[in-house]
Amino acid sequence: MATPSSNPADAAISAEHLVRRFGAVTAVNDISFRVEKGEIFGFLGPNGSGKTTIIKMLTGLLPLSEGDAWVQGLNVRTDAEAVRERIGYMSQKFSLYDDLTVLENLTFYGRIYSLPAERMRRRIDEIIQLNGLEPYLKRLAAQLSGGWKQRLALGCAMLHEPKLLFLDEPTAGIDPVARRQLWDLLFELSGQGITFFVTTHYMDEAERCSHVAYIYYGKMIADGTPAELKQLPDVQPAGTERIEIITPEVTRALRLARHIPGIRSATIFGESIHALVEDHFNLVDLRAQLQKDGITVTDIRPLTASLEDVFVELTYKHQALLEASRA
Amino acid sequence: MPNPFRGFGAVFYKEVLHVRRDPGTLFFSLLIPLLQMTVLGFGIDTNVRQVNTVVYNADGRQESRELIDRLKNSDTFHVIRYVENDHDLNDMIISGKARVGIKIPVDYSDRLIHQMSAQVLVLIDGSDSSVAGQAINVTTSIGLDESLRRSVADQTAPRAVDMRPKLLFNPDSRSPNFFLPGLTAILLLNVTTFLTAFAIVREKERGTLEQLFVTPVRPFGLLLGKLLPYFAIGFFELCNIVFFMRFVFRVPIHGSVLLLAFLSLPYIFVSLSLGMLISSKAATQGQAMQLAFLTILPSIFFSGYIFPRETMPLGFYIVSYFVPASYFINITRGIILRGAGFQHLWIDALALFAMGTFLLVIAARRFSNKIIMT
């Protein structure tokens, strides 16, 4: 796990041993991480694992119980006010004014950040250009589709030219095309040097991040680039490899596969089964065994771990640890 | 033939669960009628008692003191102050501190001793016709009784004590004149407390409030920005109500309309702050509605709008001091009916202003502490 080593003022975000307790519950338990400037930092974890709590701590909305954090070089304990001037935040659900038009929403946010008239005009023009909002300026926000609402929300969050944007599940509930377009926009902005802190449940989005972290019940259990995480020993234990069994009869095949010696775990992925098997496991034998039970095997081939595999493995492992510690 | 009642059992089961999950709503809907009943049951006392009374005893001798004692013993009058001149006597009534003023002339005892008839002036605030009627009846009968006692002792004496009631303000006892100025206070709550409470709770429901807190907006900036438009709306509505009262219901306004406008500002301020406080507590517009109703009820029952405050049981009377409408009703009735001026009403305005500031500070603190946390 990467711990902050160099000067916290150089990072976009530097969190050191963050703890947040609500009464007897520890929602965030000793979490440290560092987000470099210009990164797209994907923050993942099951619902209720503490993602939103950490965003609130980093944006100065929630006091830290313990630990310290710097955002854009400013300490959130002492400079929360200044932090809020320099960040943008887009919350989980659409939280703009439905009964205001697109242009009115943008103007409202421009005033909140007290942009001078000239700069506000220029910024609103830029945002409209960048987010393609031109045709909708006079439309009420309520009448926009999910994807356009998110573009407007993003536009409002970045009107004051923050160098760091917190996006809390920005693509939840919008269609795949809008999702793809929003990510294209994020990449474009990232290219301009803006740092993104993004929470998501979508694995394909996680794969697009330059840096991902995974938290589970208030503990951070993975932190690194997607490629690094796939090499973790917990995910790919020594002496094992991953295979993919492609078959039209996945359910029945899975039931059988789980009883075949040498297969450590198996899960269905669409029309295939992903399995973790011991090294030198004989794939020809496996095919023969499945076919003997009447299953059509289209193909069996080696597979590299996906991020989903990574998180599923890590979650199982930590679930087991959690249960063991409770027992 | 399909069963037209299909699903009844399931829906019934689900509805019972909803009610059990939301005890707050049930509590309010059961509590409010009970509260209303308690208030109406204890509060309505058609026998007007303990009317605030001011006495100017210019005579001051034995006979005059006896008369005052008899008035006090009647249970109708509660002497709150003795004054030394006509000006103070009038002032006490105009400012609303007393509803009845009794003036015993300087030659009262002399005239009685010389077996002449003595007149006692009884000034009555006629704005509330039930109070006025009771005051007239009781003083007249005490006068008759006093005269009778004296004539029993001395057959030759004329009708000795002559009580002369004089209705000040609202001499024709029109009830719109009495009720409409008070109603102004209640109606104004609708556009101030309710609108502000809803305006903020709506932001909570939509999540826009949370979004705002991540920006440099500070609680006081937020609250003041929210408050001011509704302040203007509240003031505009007050003007409408006063216009209607004057020109449609023909209630004469004896005092200064400008003063009424000016002294309504602290009341609007209190009602808005109350709305803010409600919105800091309520999570949904439904809850805001319930809480707002809890503020409307005391404004109707404890403010003196329907029942004179003096005749309330002690507990309710104390409560009435914490109800902003009590002060504003005194202001509206004072200006409209009694022609009161700033010197009579500044204390009510000050009380309202203090309440408003207090509520606003609490609301702002709750916003900065609580809302952010949730």
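The values are calculated or read from the model by the stated rules, or taken from the named source; none is laboratory data. Everything numeric in this text was worked out from a predicted model, so none of it was measured. Every residue, glycine as well, gets a Cβ built from its backbone with ideal geometry; the counts of neighbours run over all protein chains shown.
The residue that is nearest to A:Asp309 (Cα to Cα), counting only those in the range A:27-60 that are among the basic types (Lys, Arg) and either over 13 Å from the mean Cα position of the chain (by Cα) or part of a strand (DSSP E or B) (or both), is A:Arg34. Considering only residues in the range A:166-206 that are aliphatic (A, V, I, L, M) and more than 23 Å from A:Val310 (Cβ to Cβ), the one that is modelled with the lowest pLDDT turns out to be A:Ile174.
Tell me, please, whether a residue that is farther than 20 Å from A:Ile194 by Cα and not polar (S, T, N, Q) can be found in the range A:72-79. Yes: one or more hits.
The set of residues from the range B:316-374 being assigned to a loop (DSSP other than H, G, I, E, B) and either within 14 Å of chain A (Cβ to nearest Cβ) or modelled with pLDDT of 95 or more (or both) comprises just one member, B:Thr374. Please indicate, with yes or no, whether at least one residue in the range A:189-200 is outside any strand (DSSP E or B), more than 14 Å from every other protein chain (Cβ to nearest Cβ), surrounded by fewer than 22 Cβ atoms within 10 Å (Cβ to Cβ) and without any contact (Cβ under 8 Å) to a residue 12 or more places away in the chain. For the range A:189-200, residues outside any strand (DSSP E or B), more than 14 Å from every other protein chain (Cβ to nearest Cβ), surrounded by fewer than 22 Cβ atoms within 10 Å (Cβ to Cβ) and without any contact (Cβ under 8 Å) to a residue 12 or more places away in the chain: present. Screening A:Glu169 on (1) closer than 24 Å to A:Leu115 by Cβ; (2) buried (at least 17 other Cβ atoms within 10 Å of the Cβ) shows it passes everything except condition (1). Would you check which residues across the range A:98-143 are within 14 Å of another protein chain (Cβ to nearest Cβ) and part of a loop (DSSP other than H, G, I, E, B) and list them? Scanning the range A:98-143 gives A:Asp98, A:Asp99, A:Leu100, A:Tyr113, A:Ser114, A:Leu115. Looking at A:Phe41, A:Phe22, just one residue is surrounded by 14 or more Cβ atoms within 10 Å (Cβ to Cβ), at negative phi, modelled with pLDDT of 85 or more and in the same structural domain as A:Thr199 (by TED's automatic domain parsing), and that residue is A:Phe41.
So which of B:Gly24, B:Gly41, B:Gly7 ends up being more than 30 Å from B:Leu314 (Cα to Cα) and either small (Gly, Ala, Ser) or in contact with a Leu (Cβ under 7 Å, 6 or more places away or on another chain) (or both)?
On the way: B:Gly24 fails: more than 30 Å from B:Leu314 (Cα to Cα); B:Gly41 fails: more than 30 Å from B:Leu314 (Cα to Cα).
It is B:Gly7.
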